[in-house]
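Following: one structure in structure tokens, then a few remarks.
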Amino acid sequence: SVLTDSRGPAIPAAMWGIFFEDINFAADGGLYAELVKNRSFEFAKPMMAWKEITKDGGAGSTLIINRGETNANNPRFARVSVKKDKGSYGLANEGFRGMGVFKDKQYNFSILARQLSGNVKIHIEAVGANNEKLGETDLQGFKSDWGKYTASFTCKATDAKAHLNVYFENPGTVDIDMVSLFPQDTYKGRANGLRADLAEKLAALKPGFIRFPGGCIVEGRDLANRYQWKKTVGDIADRELIINRWNTEFANRSAPDYFQSYGLGFFEYFQLADDIGAEPLPILNCGMACQYNTAEVAPVDQTDTYIQDALDLVEFANGDVNTKWGGLRAAMGHPKPFNLKMMGVGNEQWDAQYVERYKLFAKVLKAKYPNIKLVTSSGPSPDGDKFDYLHAELTKEKADFLDEHYYQAPEWFLKNAQRYDNYDRSGPKIFAGEYAAHIKDTKNNDAEYKNTWISALAEAAFMTGLERNADVVQMASYAPLLAHVDAWQWRPDLIWFDNLRSVGTPNYYVQQIFSANKGTNVVPVKMDGAVVAGKDSIYSSASMDAATHQLIIKVVNTSSVAQSVQIDLQGKGKPQKVYSQITLSSTDKFAYNTLANPLKVSPQQGGGGIQAGKINTSLQPMSVNVYKVN
Ligand code: AHR
């Protein structure tokens, strides 16, 4: 029965959000639409992703020059000399596991260049996997001072594995840097923008918040390689590249070419949040590197820089345009504040070292910005000693949010559907900041975790418990978000993509169903007088939407057989005579969506009649159902 008259806790507008981390080529090579890899020659090996090429008997040479003394952020550039007046010499860029280009779409090339001698001309070509020329354009007339030069071309065919040839012709020498190729149609048409299909998939989740930039990359392998937001804003040519925490040479996850260009930096994250209607939730380093790596920490009496970064970030996001950081935001194109309301202090950090540093952050931040909510770290597991210790300490500190992470087997999610039913209501609110059900694809003898239907179903069952306890659990996000099929380090992930296409997993559709059908207040659902959390393999939560006067009932059937249920709408309100229904189901617990078959497990619409205030329905085997009644 659903007690329709009883309006329970408010469901925060930011309840269901997204966790963004540059893992699995999520930023460079993914959401960030730049197609040229190592555009500024700053990777550990400066010519990584580049190779020398010649055409028609041409000849030349490339020298990488390091001007670190005068330009610490962008030390390297390439000096290209053309040696012959016939043919051409050039540099080819492989892209991020190739470059994806589309037929009839425009691509914008840009380069920083200066002419040292001669009258060098640049010929640019996009070339397909079969060596067919797909588009081309020319640039010339370079001056002796550095300048930015641009040219565009349209591709005549679609290719997922194209590459870029940059040919130099006529004897002479040019210096080049920031060699770039972007599609014209980035998300919302922004310069230095985002890949439209991926950003649209994020927007379609209707996320209440976006957490960025991670994850472990916030911490870095060591403090020198931690994420520092100030290095990610301003002119992209001045953003200092670092090695990605997920740069690895491990077996099939090998990504020795994984660096962070910071082309997608804090300004772009805030802008994305704005564009998709999500609250920004930046997470900052708290003076501790990744505790799985070096576990390096800054001495407690030297955390001022870290705390100052946090204070300055509030000014960057919310400050007046006449302030230093607010002024930079305005100069970057967003004079209006981003309306930052919360911020995370550290990621997956634990022990007394964390608590000491959190206290320092909280003291200064709360004094200056009492309205900014602080999200604290929970350590790696919700069930270990570390978690209990942090929970006790951060409760004493009256922390606003405790960020719990759970990467567990589906059974854990089912068992924990009641995890928050008896939780301490007076302690910190919970941010379920990273979770995913992990199960190996044994059906296909695959040793890897996959985004199978059974994992998504278990998450849905668990999420009914989060929704029921929305007074405690105020934000939740699946993790990780994005993964390139040819360059991943971690799975499962919510959205998979190649250089042209992307696919929402069954887990994606679960997130979308919960987020798009959230409601504004919890409404009690009972079965035999108790919350519905596993009896007869059924899990349920309900809400009402004050604006639309809709009752929204979610029912998850985790059993492999269909079940008949009667939903009894109790209360004074008179429901309309019909309900609409969304169902996500599969009888194959190992089913998953692929780029070739993206909708194998995807929501189906339906509905039916309501008789005497009752919905008589048959729950499909292994299904997630949403019933909506006006
Ligand atoms: O989501 C992948 C990783 O899992 C995150 O970077 C980290 O916070 C967690 O350990």
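FYI, it's all coordinate maths here, none of it is from the lab. All figures in this text were calculated on a predicted structure; none of them were measured in a lab. Here Cβ is always computed from backbone atoms with ideal geometry, including for glycine, and neighbour counts include all displayed protein chains.
Calculate the translational D of the chain in whole µm² s⁻¹ from Stokes-Einstein, where the hydrodynamic radius comes from the Kirkwood formula applied to all Cα pairs, the temperature is 10 °C and the viscosity 1.306 mPa s. Please report the intermediate quantities before stating the final value.
Working: Rh = 26.1 Å.
The Stokes-Einstein estimate is 61 µm²/s.
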Practice item. At 7 Å along the Cα-to-beta-carbon direction for both residue 84 and residue 570, put a label point, then send me their distance in nm to one decimal. Key: 8.9 nm
Point to revise | 0 to 90° range, to nearest 10: angle between helix 385-396 axis and the chain longest Cα axis | key: 80 degrees
Point to revise | Fully extended contour minus Cα-Cα distance, from residue 381 to residue 130, at 0.36 nm per residue | key: 85.5 nm
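Which net charge results when you count Lys and Arg as +1 and Asp and Glu as -1 among the other residues whose beta-carbon is under 12 Å from that of residue 225? Intermediate values should be presented prior to the final figure.
Values: positive: 221, 226, 231, 245; negative: 219, 222, 240, 296.
Summing Lys and Arg as +1 and Asp and Glu as -1 gives 0.
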Revision key, fill the gap. Summing +1 per Lys or Arg and -1 per Asp or Glu among the other residues with Cβ less than 14 Å from residue 190's Cβ gives -4
Point to revise | Spatially proximal lysines relative to residue 614 (Cα-Cα < 19 Å; intrachain offsets below 8 disregarded) | key: 526, 554, 572, 574, 577, 628
Check your understanding: Using only helices, what value at 222 nm comes out for the chain when you add -39,500 (n - 2.57) per DSSP H run of length 4 or more and divide by the total residues, to the nearest 500 deg cm²/dmol?
Key -> -5500 deg cm²/dmol
Revision key, fill the gap. For the range 484-497, Karplus-derived ³J(HN,Hα) couplings (6.51, -1.76, 1.60; θ = phi - 60°; whole Hz; x for glycine and proline) come out as 7, 4, 9, 7, 9, 10, 8, 9, x, 9, 6, 10, 10, 8
Check your understanding: How would you order 110-119, 349-358 from highest to lowest mean count of nearby Cβ atoms within 10 Å?
Key -> 349-358, 110-119
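So if each residue of separation counts as 0.36 nm, and I subtract the Cα-Cα distance between residue 293 and residue 197, what length gain in nm does that give?
On the way: separation 96, 0.36 × 96 = 34.56 nm, distance 3.42 nm.
So the chain would gain 31.1 nm between residue 293 and residue 197.
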Practice item. Using Cα positions and a limit of under 19 Å, work out the aspartates and glutamates in reach of residue 324, with same-chain residues fewer than 8 apart set aside. Key: 235, 238, 268, 304, 309, 312, 315
Revision key, fill the gap. Phi angles of the range 81-94, converted by Karplus (6.51 cos²θ - 1.76 cosθ + 1.60, θ = phi - 60°) into ³J(HN,Hα) in whole Hz with x for Gly and Pro, give 10, 9, 9, 10, 8, 10, x, 9, 10, x, 10, 10, 10, 7
Exercise for review: Whole Å is fine, so just give me how far the alpha carbon centre of the range 430-490 lies from that of the range 575-630.
Suggested key: 20 Å
**Study point:** Per-peptide average of other Cβ atoms within 10 Å, ordering 315-322, 366-373 highest first
**Key:** 315-322, 366-373
Check your understanding: Tilt of helix 506-516 relative to the longest C-alpha principal axis of the chain, in degrees (0 to 90, nearest 10)?
Key -> 70 degrees
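Among the DSSP beta bridges whose two residues both lie in the chain, what percent are antiparallel, rounded to the nearest 5? Each step should come with its number before you reach the end.
Values: 108 of 141 bridges.
So the antiparallel bridges amount to about 75 percent of the total.
Do any GluC sites (Glu not before Pro) in the range 23-95 lie in a DSSP loop with no more than 16 other beta carbon atoms within 10 Å, and if so, which? List each step's numbers first, then the result.
On the way: sites: 34, 42, 52, 69, 94; in loops: 34, 42, 69, 94.
Those satisfying the criteria are 69.
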Study note, to complete from the structure: Once amide hydrogens are built 1.01 Å from N within the peptide plane, the residues lying 5 or more places from residue 473 or on another chain with amide H under 5 Å from its amide H are 430
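Note down the net charge around residue 397, summing +1 for each Lys or Arg and -1 for each Asp or Glu among other residues with Cβ under 13 Å from its Cβ. Please list the in-between numbers first.
Details: positive: 357, 359, 363, 366, 396, 398; negative: 356, 393, 400.
Local net charge: +3.
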Point to revise | Whole-angstrom Cα spans of the range 136-211 along principal axes, big to small | key: 55, 31, 17
**Study point:** Those residues of the range 262-289 whose amide nitrogen sits under 20 Å from the label point placed on residue 10, 7 Å along Cα→Cβ
**Key:** 277-281
Practice item. Please determine, in degrees from 0 to 90 and to the nearest 10, the orientation of helix 304-318 with respect to the longest principal axis defined by the Cα atoms of the chain, where the helix direction is its Cα long axis. Key: 80 degrees
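Going down the list 37/148; 230/341; 450/589; 55/105; 161/206; 121/143, which pairs span over 22 Å between their C-alpha atoms?
Values: 37/148 18 Å; 230/341 19 Å; 450/589 11 Å; 55/105 27 Å; 161/206 32 Å; 121/143 12 Å.
Going by Cα-Cα distance, 55/105; 161/206 fall outside the 22 Å limit.
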Check your understanding: How long is the gain from residue 48 to residue 119 if the chain were fully straight, where each residue apart is worth 0.36 nm and the alpha carbon distance is subtracted?
Key -> 22.8 nm
Exercise for review: Could you work out how far the C-alpha centroid of the range 333-376 sits from that of the range 266-321, in angstrom?
Suggested key: 8 Å
Point to revise | Alpha carbon Rg of the range 50-183, scaled by the compact-globule rule 2.2 N^0.38 Å | key: 1.04
Point to revise | Approximate spin-label separation residue 301-residue 549, in nm, with each point projected 7 Å along Cα-to-Cβ | key: 6.7 nm
